[in-house]
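A.B. asks: Here it is, the structure, as structure tokens.
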Amino acid sequence: MNSKDDRNRSGPYWIPEDAELRRRLTPMGYRVTRHNGTEPPFRNAYWDNQEPGIYVDIVSGEPLFSSRDKFESGTGWPSFSRPLVADNIVEKEDRRGFLVRIEVRSRHADSHLGHVFKDGPPPTGLRYCLNSAALRFIPLVDLQKEGYGEFLSLFQ
């Protein structure tokens, strides 16, 4: 591995060069993760997904959220009450637009994921409102083969 590749590693998570990301991601995925975009509500992959599994960062693969904490928020985006791995989430104040919100980013890939609001269900009272375009869903049946076997016990 050369030194240029070393800059794209953060622990076990691989962050491809920008040219590779442009090839690998959809235009929406690139806009959301790299340029803080927002996809349309109700017209995205996971807003109504109810299959068991986990959601990982589409850029790096770092585990972010579990279907066990997913709930129907009525917003048209996938919503979760808590992160699966809190250390993989970074929250930042977002003053873009007319509101002050809390932006949610992935720690290792620095992907824009969405925002967190204080109007979620108990016990956390939080609603992590995310863009499907920033996520890759790993179904429960594929956790082991995809390298996420450590999360199997959550579903037993």
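A.B. asks: For the range 81-156 and the range 16-80, what is the separation of their C-alpha centers, rounded to whole Å?
C.D. replies: Each part reduced to its Cα centre gives a spacing of 9 Å.
A.B. asks: Counting pairs of alpha carbon atoms under 8 Å apart in space and at least six apart in sequence, what relative contact order in percent does the range 3-140 give?
C.D. replies: 26
A.B. asks: Give a quick list of chymotrypsin sites (Phe, Trp or Tyr not before Pro) in the range 10-119 that DSSP marks as loop, anything other than H, G, I, E or B, with at most 12 other Cβ atoms within 10 Å. Walk me through the numbers before you get to the answer.
C.D. replies: Working: sites: 13, 14, 30, 42, 46, 47, 55, 65, 71, 80, 98, 117; in loops: 42, 46, 47, 98.
Within the range 10-119, the qualifying chymotrypsin sites (Phe, Trp or Tyr not before Pro) (loop, at most 12 other Cβ atoms within 10 Å) are 42, 98.
A.B. asks: Add -39500 (n - 2.57) for each DSSP H run of 4 or more in the chain, then divide by its residues: what number comes out at 222 nm, to the nearest 500 deg cm²/dmol?
C.D. replies: -3000 deg cm²/dmol
A.B. asks: Hey, another quick one. Please arrange 112, 35 by how many other C-beta atoms lie within 10 Å of their C-beta, fewest to most.
C.D. replies: 35, 112
A.B. asks: If one puts a single equal scatterer on every Cα of the range 80-126 and applies the Debye formula without solvent, what log₁₀ I(q)/I(0) results at q = 0.22, 0.29 Å⁻¹?
C.D. replies: -0.81, -1.12
A.B. asks: Students often get this wrong, so try it: which of [x] 17.3; [y] 20.1; [z] 15.9 is Kirkwood radius over Cα pairs in Å as calculated from the structure shown?
C.D. replies: Derived directly from the coordinates: [z].
A.B. asks: So which aspartates and glutamates pass the test for residue 145, namely a Cα distance under 18 Å, with those fewer than 8 places away in the same chain ruled out?
C.D. replies: 51, 57, 62
Any read-out appearing in this document is the output of simple, stated calculations on the displayed coordinates, not a laboratory observation. Model, not experiment: these values are computed from the prediction. No Cβ is skipped: glycine too gets one built from the backbone with ideal geometry, and neighbour counts run over all protein chains shown.
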